[in-house]
């Protein structure tokens, strides 16, 4: 490998890190802004939802599974995949269940007050 | 070609995750948000399968079968009062998953592993493992498997801090000597121990903040894994989760007028012993004790009633009878609202979910800042299972441990009905001034029973 190629390799690694850091920082800022605007009513389902989202770490497990060195690693990752999958399944389902409780109640209340019920946006 | 498709699938997944949080900002669009996130998840998994040509789809399917067997019954059957426990458990699962993948990645990569990767992996493993035990203890406390009281002993802070210092020290050692793989289990053990010690020292009422902090840690460790694997979806999802936990923790600790550090290492336990002495030293003050029939009479003569729910409501499962009583009042033309303190309950938003379960319309749920100006015009405030968040000492007594904490100004209502099992002080260990006010009616008994009796008395 020529010196030039080596330098290029290092550079790419550095750029990757910088890009990843940039993504991390921007996503954190975006996240804090988005969460600030979440209604306090929904903080519990929000937590269930973000927890399910972060279980996208299942992807990391899959990447390691693409090329595991030995059975021990396969075993560890399989446990991790099962744990993350549990979070994904129960996280989205329970968020849905909680949100449904909030949603259903809205309409009769509005009708009681004689307000016009806005058309359901689907 | 394949790579391009995969890259754009990841972009799509990220967009869906961001949109889902955007849609969570209001009830109307929140369900759409959940579906967006779920779709993002499916796309991210599909993209990964495409990109890495993974042979072991059997393990993925197996994982989801196990996940469905454990997760579906929990999601469908779990009573809403137990949502904080489930949240703690899901943080435990998530962080353990991340930590285990971190460990596997490390052993898979050595000996060809660079310093940066080792550094991030060490940090990620420490965070993951400490979040795991911390969340397990939080779960055990919330579920009542162990006492919710903080475990306080002399030198606790020194012990905790040296545990984490050793874990971090071992992490640094590993960065310098990346091939010393036998350091990893020891480092993990110290991180696990620290998480255990950290949450053992925290009491029940601080759980909302702690759960939010554990949420932030779990997200942060997932983002760390994203750096190691150069996977941008993971970085974004992890940092969204991390910032969510962080913001919730900020909101919770502001609502208690305390800093994170104070919640984690603070002296709540220390004040318990001190205030107990104060309580015994004080001359006995009298409270006025009333019956559910008296409450019914007061309610019938009221025009505006505000319910103040707290953790006790969850414990006695009184949310449905509260709603029943509220319906009777509304039928009589009485205005009913619910005052929700940000830290009422055991996790952020806990009370809202309980009341939503009991079919309370969410426009009757009022946040602290909005309801406080209305208390002077409120005829009856009914405190159900809340305590410290109503203590006027937080406004008036500079020497009180609660001083400065934003509270619900329940004492300003014309009549306060305080339903309570006994005269024991709240979590903070501080006696509630509210009990002794002339306009306070103490009703002793289980919240659900008292309210059921009140409903019965109203029907007469």
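The values are calculated or read from the model by the stated rules, or taken from the named source; none is laboratory data. Here the structure is a predicted model, which means the values were calculated and not measured. Here the Cβ is made from the backbone with ideal geometry for all residues, glycine too, and neighbour counts use every protein chain on show.
Mind checking whether some residue in region B:85-108 is more than 22 Å from residue A:58 (Cα to Cα) and crowded, with 19+ Cβ neighbours inside 10 Å?
Here is the first cut: in region B:85-108, the residues more than 22 Å from residue A:58 (Cα to Cα) are B:85.
Checking which are crowded, with 19+ Cβ neighbours inside 10 Å leaves us with B:85.
Yes, there is a match, as at least one residue in region B:85-108 is more than 22 Å from residue A:58 (Cα to Cα) and crowded, with 19+ Cβ neighbours inside 10 Å.
Considering only region B:72-79, I want to know if a residue exists there that is buried (at least 22 other Cβ atoms within 10 Å of the Cβ) and more than 7 Å from chain A (Cβ to nearest Cβ).
Checked region B:72-79: no residue is buried (at least 22 other Cβ atoms within 10 Å of the Cβ) and more than 7 Å from chain A (Cβ to nearest Cβ).
Residue B:438 passes all but one of (1) outside any loop (DSSP other than H, G, I, E, B); (2) over 23 Å from the mean Cα position of the chain (by Cα); (3) under 23 Å from residue B:374 (Cβ atoms); which number fails?
(1)
Looking at residue B:51, is it out of contact with any helix residue (DSSP H, G or I) (no Cβ under 6 Å at 6 or more places or on another chain), surrounded by fewer than 24 Cβ atoms within 10 Å (Cβ to Cβ) and more than 8 Å from every other protein chain (Cβ to nearest Cβ)? Give the steps one after another, and end with the answer.
Details: out of contact with any helix residue (DSSP H, G or I) (no Cβ under 6 Å at 6 or more places or on another chain): no; surrounded by fewer than 24 Cβ atoms within 10 Å (Cβ to Cβ): yes; more than 8 Å from every other protein chain (Cβ to nearest Cβ): yes.
No: the conditions fail for residue B:51.
In region B:172-185, what residues are closer than 13 Å to residue B:103 by Cβ and at pLDDT 90 or above?
Initial filter on region B:172-185 (closer than 13 Å to residue B:103 by Cβ): B:174, B:181-185.
Answer for region B:172-185, where residues must be closer than 13 Å to residue B:103 by Cβ and at pLDDT 90 or above: B:174, B:182, B:183, B:184, B:185.
If we scan region B:56-65, do we find a residue that is in a loop (DSSP other than H, G, I, E, B) and either facing chain A (nearest Cβ under 7 Å) or surrounded by fewer than 20 Cβ atoms within 10 Å (Cβ to Cβ) (or both)? Walk me through it before giving the result.
Initially, region B:56-65 is screened for residues in a loop (DSSP other than H, G, I, E, B), giving B:56.
Going one step further and asking which of them are either facing chain A (nearest Cβ under 7 Å) or surrounded by fewer than 20 Cβ atoms within 10 Å (Cβ to Cβ) (or both), we end up with B:56.
The answer is yes, given that some residue of region B:56-65 is in a loop (DSSP other than H, G, I, E, B) and either facing chain A (nearest Cβ under 7 Å) or surrounded by fewer than 20 Cβ atoms within 10 Å (Cβ to Cβ) (or both).
Within region A:42-52, can one find any residue that is buried (at least 24 other Cβ atoms within 10 Å of the Cβ), touching a helix residue (DSSP H, G or I) at 6+ places or on another chain (Cβ under 7 Å) and within 14 Å of residue B:103 (Cα to Cα)? Can you show your working first?
As a first pass, look at region A:42-52 and keep what is buried (at least 24 other Cβ atoms within 10 Å of the Cβ): A:42-52.
From what is left, the residues that are touching a helix residue (DSSP H, G or I) at 6+ places or on another chain (Cβ under 7 Å) are A:42-52.
Right, trim to within 14 Å of residue B:103 (Cα to Cα) and you get none.
Checked against the condition, which is being buried (at least 24 other Cβ atoms within 10 Å of the Cβ), touching a helix residue (DSSP H, G or I) at 6+ places or on another chain (Cβ under 7 Å) and within 14 Å of residue B:103 (Cα to Cα), region A:42-52 yields no hits at all.
So which residues in region B:4-40 are in contact (Cβ under 8 Å) with a residue 24 or more places away in the chain and facing another protein chain (nearest Cβ under 7 Å), if there are any at all?
B:17, B:18, B:21, B:27, listed by residue number.
Which of the residues spanning region B:348-366 are surrounded by fewer than 24 Cβ atoms within 10 Å (Cβ to Cβ) and in a helix (DSSP H, G or I)?
B:357, B:362, B:363, B:364 - these are the residues of region B:348-366 that are surrounded by fewer than 24 Cβ atoms within 10 Å (Cβ to Cβ) and in a helix (DSSP H, G or I).
Give the residue that is farthest from residue B:435 (Cα to Cα), with candidates limited to residues of region B:282-329 that are outside the structural domain of residue B:370 (by TED's automatic domain parsing) and free of Cβ contacts under 8 Å to residues at least 24 places away in the same chain.
Top of the filtered list is B:283.
Considering region B:325-347 alone, what residues qualify as being in a helix (DSSP H, G or I), within 21 Å of residue A:101 (Cβ to Cβ), in contact with a strand residue (DSSP E or B) (Cβ under 8 Å, 6 or more places away or on another chain) and more than 11 Å from chain A (Cβ to nearest Cβ)?
Quick first cut of region B:325-347, residues in a helix (DSSP H, G or I) only: B:325-331.
Next, from what is left, pick out any that are within 21 Å of residue A:101 (Cβ to Cβ): B:325-327, B:330.
Next, only the ones that are in contact with a strand residue (DSSP E or B) (Cβ under 8 Å, 6 or more places away or on another chain) stay: B:326, B:330.
Residue satisfying the conditions is B:326 alone.
Just name the residue that is farthest from residue B:407 (Cα to Cα) out of those in region B:330-347 that are crowded, with 18+ Cβ neighbours inside 10 Å and without any contact (Cβ under 8 Å) to a residue 60 or more places away in the chain.
Residues of region B:330-347 that are crowded, with 18+ Cβ neighbours inside 10 Å, as a first pass: B:334, B:336-347.
If we keep only those that are without any contact (Cβ under 8 Å) to a residue 60 or more places away in the chain as well, we get B:334, B:336-338, B:340, B:344.
Numbers: B:334: 25, B:336: 20, B:337: 17, B:338: 14, B:340: 10, B:344: 11 Å.
Looking at residues that are crowded, with 18+ Cβ neighbours inside 10 Å and without any contact (Cβ under 8 Å) to a residue 60 or more places away in the chain, I get B:334.
Residues being in a helix (DSSP H, G or I) and without any contact (Cβ under 8 Å) to a residue 24 or more places away in the chain: count how many of those fall in region B:173-188.
In the first step, residues of region B:173-188 are kept if they are in a helix (DSSP H, G or I); the result is B:173-176, B:183-188.
Now drop any that are not without any contact (Cβ under 8 Å) to a residue 24 or more places away in the chain, which leaves B:173, B:176, B:183, B:185-186.
Within region B:173-188, residues that are in a helix (DSSP H, G or I) and without any contact (Cβ under 8 Å) to a residue 24 or more places away in the chain number 5.
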